[in-house]
Amino acid sequence: MSRPTPSPGQRTSVMEAIAQSDTLSVMLSMHQTSNTYLNALKPLLPPDLFAQIKAGPVDESGWCLLATHNSAAAKLRQLLPDIGAHLRSKGHPVQNIRIKLMSR
């Protein structure tokens, strides 16, 4: 799909530039999906645990949650069945969830 390119001297906002790029628009959509999944977990997880996680990548193999430290990752692993069920109950088609530690 070809998108029009702005003429020289014409300003393009960042969001317009993203919308004009197939690759960037797909990446933005995946980022928004990941954040939607994370926000859906807010009522499920204790606030202290929720503060220790970030939304990771969404791809064909599933979704990745990023934990700030080992104890948060361990607790998330214990909660994986509940997390998956909760997301699916909210209409999010997440089948596989990976837990990774954020690099320091």
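None of the figures in this text is laboratory data; all of them are computed from the coordinates on show. What you see is a predicted model, and the numbers here were worked out from it, not measured in a lab. For neighbour counting, all protein chains shown are included, and Cβ atoms are generated from backbone atoms with ideal geometry for every residue, glycine included.
A few points about this structure:
- Eligible lysines near LYS75 by straight Cα distance, threshold 18 Å, same-chain separation 8 or greater: LYS42, LYS54, LYS100
- Counting only the Cα atoms, the chain fills a convex hull of 136 Å³ per residue.
- Taking label positions 7 Å along the Cα-Cβ direction at both ASP82 and GLN32, the computed distance is 3.1 nm, reported to one decimal.
- Taking label positions 7 Å along the Cα-Cβ direction at both LYS42 and THR23, the computed distance is 3.3 nm, reported to one decimal.
- When shorter helices are ignored and each DSSP H run of at least 4 residues is given -39500 (n - 2.57), the per-residue value for the chain at 222 nm works out to -15500 deg cm²/dmol.
- In order along region 51-61, phi translates into HN-Hα couplings of 5, 9, 10, 9, 6, x, x, 10, 8, 5, 8 Hz, rounded to whole numbers, per the Karplus curve 6.51 cos²θ - 1.76 cosθ + 1.60 with θ = phi - 60° and x for Gly and Pro.
- Extension gain for the segment ARG11 to LEU101, taken as residue separation times 0.36 nm less the Cα-Cα distance, is 28.4 nm to one decimal.
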